[in-house]
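What follows is calculated from the coordinates using simple rules that are stated; it is not laboratory data. Everything numeric here is computed off the predicted structure, so don't read it as measured data. Neighbour counts are summed over all protein chains in view; Cβ atoms, including those assigned to glycine, are modelled from backbone coordinates with ideal geometry.
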Amino acid sequence: MKPPLTPLQPWIAQKIGCKPETLSRAALDAYQLQKLQETLDRCRERSPFYRRRLAGFPARLHSFADWESLPFTTAEELQERASAFVCVSQSEVERVVTLDTSGTTGPAKRLFFTAADQELTRDFFHQGMSTFTEAGDRVLILLPCERPGSVGDLLDQALGRLGARGIRHGPVAGVAETLKVILQEEVTVVVGVPVQVLGLVRSAAARQFPRPHLKSVLLTTDHVPDAIVRAVEAAWRCTVFNHYGMTEMGLGGGVECAAREGYHLREADLYVEVVDPQTGEPVADGQPGEIVFTTLTRQAMPLIRYRTGDMSRFLPGACSCGAILRRLEKVRFRRTGRFALPDGYFLTIADLDEALFGLDGVLDFAATLSAGGLQLAVRAERQEVGEAVRRKVSSLPAISAADLDVAVSVQAEAVNPAGKRRMTYV
């Protein structure tokens, strides 16, 4: 039986003024081109940054090819000149989000949102969660919830529209306490960071906690390794879904449908491109490149051709659910996270993800690559996991071909407190 149509398609049809049964790719393309023109006009009129940046470029769009001639926006520009992007008065700004810029010496990146901008996020969360959440479900939110307008706060409000109950927990601080909440609250859906959810699964097994009666898990805020999906589904007998988004997008970018064949994109609010990271030229569907997006409905801080640094590809053909929405393949690494090794080999965080998270007992890791070898700091509950990690990673084609030494240290405490894996080159 064909999976049900993603709820994003009828939602997007309604937003662009079409009936769900008559929505076509041509109608969606026409809507997006119109919204790109409106965004361009708004930015030229109200944004000091874009007024200068777009001087000398054509003011009217006749095709997507015209759009592709416009310059990109970079994270560094947003970090250095955030206030120059703002298109509303300060009195209209409902929330300002300051993003961690660890590893840089410049000012923190700041994103501005009006009340209407945040409503767009609630609306998307409402529709996206309805893929696998129903009225009466009890949803454990393992994301920041405390501040009004935070991702967990907006998600909780969206769940209320579904008739589901959000349980505002926040990021996992202690696995035993969180596991107790899952059982005591009879949680049916969990939303969290991949390594934190994996930690719950493997700690539950180690502590012989009863298996929770979950229907589904949504993994978000970081790249989602297949090995973590397999581990969670096998242990908790639930279905794991992936969400892709970032604060710059307004938190939501795309989510899997029941077919789980890539992220269905939030095309009423975002125009997404995939470009060659070196030349900036668009690549054909099916070819890998860097994800670039433009906001279509943002009021406070529209972004034009923003380079995310994430690498993916548009999946060719239609999803088996029947939707006409474009799909992105699961994001596995960033443009700056692909390291060249001798003999034409490359190493990415995704390579290490699949090798390490497939090993029982591994909870998290950080990696440092140098000319002398690869150093891994692995979080695990058992020291003996270290040798299995070393053997597994040493057998990776890129590592063995380069004859790199692999050194492993095992520790009990978190190696990435934010729950995001990283690999650095020194």
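Computed quantities for the displayed model
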quantity	calculated
In region 5-74, the trypsin sites (Lys or Arg not before Pro) that fall in loop regions by DSSP, at most 14 other Cβ within 10 Å	R60
Exposure proxy ranking, count of Cβ atoms within 10 Å, fewest first, for D66, D41	D41, D66
Rule-of-thumb Rg ratio for region 132-224 [Cα; 2.2 N^0.38 Å; N residues]	1.02
Mean-position separation - Cα centroids, region 281-349 and region 203-256, in angstrom	21
Taking only Cα atoms of region 1-150, radius of gyration then Dmax in Å	19.0, 55
Positive dipole terminus of region 132-224, leading residue within P148, G199, V224 (C-beta point charges)	G199
Nearest 10 degrees, 0 to 90: helix 151-162 Cα axis against the chain principal axis	80
Computed FRET value (nearest 0.05) for R60 with R110, which takes r as the C-beta separation and R₀ as 30 Å	0.45
Sparsely packed trypsin sites (Lys or Arg not before Pro) within region 237-288, loop by DSSP, other Cβ within 10 Å at most 15	R237
Computed label-point distance, nm, for sites E381 and T22 using a 7 Å Cα→Cβ extension	5.8
Given charges at beta-carbon only (K, R positive; D, E negative), |dipole| of region 48-177 in Debye	280
Cβ-based charge dipole, the chain, positive-most Cα from G163, A82, L179	G163
Least to most buried among K109, K19, K180 (fewest other Cβ within 10 Å first)	K19, K180, K109
Folded to 0 to 90 degrees: helix 115-129 orientation relative to the chain principal axis, Cα	50
Which of H126, H213 has the fewest Cβ neighbours within 10 Å, and the rest in rising order	H213, H126
Length added when fully stretched, D29-Q411, from 0.36 nm per residue minus Cα-Cα	132.4 nm
Charge-dipole axis of region 336-425 as Lys and Arg at +1 and Asp and Glu at -1 on Cβ define it, positive-most pick from A371, G386, I399	A371
Rg to Rh, two decimals, where region 336-425 supplies the alpha carbon set and Rh follows Kirkwood	0.94
Relative counts (whole %) of C-alpha pair distances in the chain, using bins that are 20 Å wide	25, 57, 18, 0
